[in-house]
Amino acid sequence: QVREWKDEGSRRYMCTGRPGWLTVSLRVGKYKKVHKNIMINLMDVLEVDSERQVVRVEPLVTMGQLTAYLNPMGWTIPVVPELDDLTVGGLIMGTGIESSSHIYGLFQHTCVAYELVLADGSLVRCTPTENSDLFYAVPWSCGTLGFLVAAEIKMIPAKKYVKIHYKPVRGLQNICEKFTEESKKKENNFVEGLVYSLDEAVIMTGVLTDEAEQSKINRIGNYYKPWFFKHVEKYLKADRTGIEYIPSRHYYHRHTRSIFWELQDIIPFGNNPVFRYLFGWMVPPKISLLKLTQGEAIRKLYEQHHVVQDMLVPMKSLEKSIQTFHVDLNVYPLWLCPFILPNNPGMVHPKGNEAELYVDIGAYGEPKRKQFEARASMRQMEKFVRSVHGFQMLYADCYMTREEFWDMFDGSLYHKLREQMNCKDAFPEVYDKICKAARH
């Protein structure tokens, strides 16, 4: 298809032919209508190499599919981003994170090789030692350097359960101190925080294990079980700590059934015990279905009165960041997920010369701030995130100007490669593909 595009005279930009409503991002890419759509129907797990401890997959393999395939073989991947429908391609070209990222980094940091079809129609494989510039430039590039056709991801041995410890914490300073302290401990396989108000949170730490106390096993993934964030809130309300053993696959997809807490806005009575017993098996609705059936008026309403944002900030700025989120958005719960950011080349790396501990703050829901105005409020948030040398996930609505965008992200390697590989006539620049200002 790429060679055909060349033969036709390379007149239009190329993009993947996957319809916009199928993606998990709430954004519907308008560029699909005007660009040359390249159909990439690659959705298979290609090989599991237990000697190298690597799994080779195609880009449309989803997290639900991959864990279902690997777990029975005794394997899993180090970072399993939350929602079942997230694809390997999206997690590499965009980004992905999970509560094990304080050890392993972002999803891209668990990948050891990418295979891409470039603008000239050639197929290349890149690793940290072979075509290394391309290897480091691909993450966050949103398909603007080439088409991903396969990736190799590290595997780790799977265990049956996650022993999870719930700890309610009160007072913003205490929350930030406790969260930072747990995030630095490598013996915690998982660390996550749910912030329910400016000074109330539950911090969860988890350890993988094959043994479990039968009386404390909680199969949270069963359709009739309470939504996970509501279950966690019980520990806060009762002001008590607790320990549970959750089957690993249930743990990995613990926020899937309630789409974190987005479902409470779509089905307000969805966590009612009667609804769960009778209809719980029907949720979550596919995000793709919601997007496909959503009219323009509802989409605009969502854009103006609903926030879905992940901001990645240095751990040392956590307290200041939560206060800023509170003032600018006032959305709760907030999701806290720690990650180590290595000092690799590419668009996203820490300010200094060594790896730094960062935290993903996820805000999903309806802002309760009185004067919330999507564009102005988000531009204020983006400015703050730039000031602390943080990053905004690119799946979300981004209101930055081109200069502000390249102030947040390091474009040096990316632009050098676009020049070298003649991408300028083949793919739009990442900013033009994702930013509001560029698309309207």
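Summary table
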quantity: Hz values of 3J(HN,Hα) by residue in the stretch 326-339 - Karplus curve (6.51, -1.76, 1.60), Gly and Pro given as x; calculated: 5, 5, 7, 10, 6, 10, 9, x, 9, 9, 10, 9, x, 8
quantity: Glu177 accessible area, assembled protein chains, probe 1.4 Å, Å²; calculated: 100
quantity: Angle in degrees between helix 172-183 and the longest Cα principal axis of the chain, rounded to the nearest 10; calculated: 70
quantity: Highest to lowest packing among 6-14, 66-74, 338-346, scored as the average C-beta count within 10 Å; calculated: 338-346, 66-74, 6-14
quantity: Simple Cβ-charge dipole of the chain, Lys/Arg +1 and Asp/Glu -1, about Cα centre, in debye nearest 20; calculated: 1080
quantity: The stretch 343-405, dipole about Cα centre (Lys/Arg Cβ +1, Asp/Glu Cβ -1), debye to the nearest 20; calculated: 320
quantity: The stretch 317-357 - Debye-derived log10 I(q)/I(0), Cα point model, q = 0.18 Å⁻¹; calculated: -0.67
quantity: Accessible area per residue, Å², the chain with all protein chains present, probe 1.4 Å; calculated: 43
quantity: Given (i) 51; (ii) 57; (iii) 46, the label whose value is percent of Cα pairs over 29 Å apart derived from this model; calculated: (iii)
quantity: Tail beyond 15 Å, pair distance distribution of the stretch 303-402 (Cα, percent); calculated: 59
quantity: Accessible area of the chain belonging to carbon and sulfur atoms, whole % at 1.4 Å probe; calculated: 52
quantity: Total charge dipole magnitude, the stretch 161-293, about the Cα centre, Cβ charges on Lys, Arg, Asp, Glu only, Debye to nearest 20; calculated: 360
quantity: Calculated on alpha-carbon atoms, Rg and Dmax of the stretch 161-293 in Å; calculated: 15.7, 45
quantity: On Cα atoms only, tilt of 374-387 relative to the major axis of the chain in degrees; calculated: 90
quantity: Placed amide H near Gln392: partners under 5 Å, 5+ positions off or other chain; calculated: Leu312
quantity: Amide H contacts of Ile38 (H built 1.01 Å from N, under 5 Å, at least 5 apart or other chain); calculated: Cys15, Thr16, Gly17
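The values are calculated or read from the model by the stated rules, or taken from the named source; none is laboratory data. On a predicted model such as this, the values are computed, not experimentally measured, just so you know. When we count neighbours, we look across all protein chains shown, and the Cβ atoms used for this are built from the backbone with ideal geometry, even at glycine. In case anyone asks, the SASA skips ligands and DNA or RNA and just uses the protein heavy atoms, side chains included. Shrake-Rupley method; radii C 1.70, N 1.55, O 1.52, S 1.80 Å.
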